[in-house]
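Peer 1: What follows is a structure written as structure tokens; I'll ask about it next.
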Amino acid sequence: MLSIIVSIIWVLGRTIDIYQFAVVGAIFEILWLPVIFFIPILSVISIIFWIKDKLDFRSLNLYSFLIIAMAIIYTIVNGIW
């Protein structure tokens, strides 16, 4: 769940004008530092736990990593980074 939340905040913050409304901008300013912290940490933790699950493709850790990776790839491809 944390991977999904972090990815949504990351992609929405990079694609829409969050400062159009003051309340949304303030909430984003509070959340951007934890999001930046969690992106690499969640990726590493997901890979480690997926390896501990013996590289099982049914593991949620693999999909957690893929969700974070897709959010990063989306921002790189769109030149928003």
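Peer 1: Test of understanding: among Ile30, Ile68, which residue is in contact (Cβ under 8 Å) with a residue 12 or more places away in the chain and of a type in the set (A, V, I, L, M)? Reasoning before the result, please.
Peer 2: On the way: Ile30 fails: in contact (Cβ under 8 Å) with a residue 12 or more places away in the chain.
Selected residue: Ile68, the only one of Ile30, Ile68 that is in contact (Cβ under 8 Å) with a residue 12 or more places away in the chain and of a type in the set (A, V, I, L, M).
Peer 1: Go over the candidates Ile72, Ile76, Ile67 one by one and state the one that is out of contact with any Gly (no Cβ under 6 Å at 6 or more places or on another chain) and modelled with pLDDT of 90 or more.
Peer 2: Numbers: Ile72 fails: modelled with pLDDT of 90 or more; Ile76 fails: modelled with pLDDT of 90 or more.
Sole residue among the options that is out of contact with any Gly (no Cβ under 6 Å at 6 or more places or on another chain) and modelled with pLDDT of 90 or more: Ile67.
Peer 1: Looking only at region 17-33, decide whether some residue is surrounded by 11 or more Cβ atoms within 10 Å (Cβ to Cβ), under 10 Å from the mean Cα position of the chain (by Cα), of a type outside the set (Ser, Thr, Tyr) and at pLDDT 90 or above.
Peer 2: no
Peer 1: So, one more: Does Ile73 qualify as being without any contact (Cβ under 8 Å) to a residue 12 or more places away in the chain and under 9 Å from the mean Cα position of the chain (by Cα)?
Peer 2: No.
The values are calculated or read from the model by the stated rules, or taken from the named source; none is laboratory data. Fair warning: this is a prediction, and the values are worked out from it, not measured in the lab. Cβ: placed from backbone, ideal geometry, glycine included. Neighbour counts: every protein chain shown.
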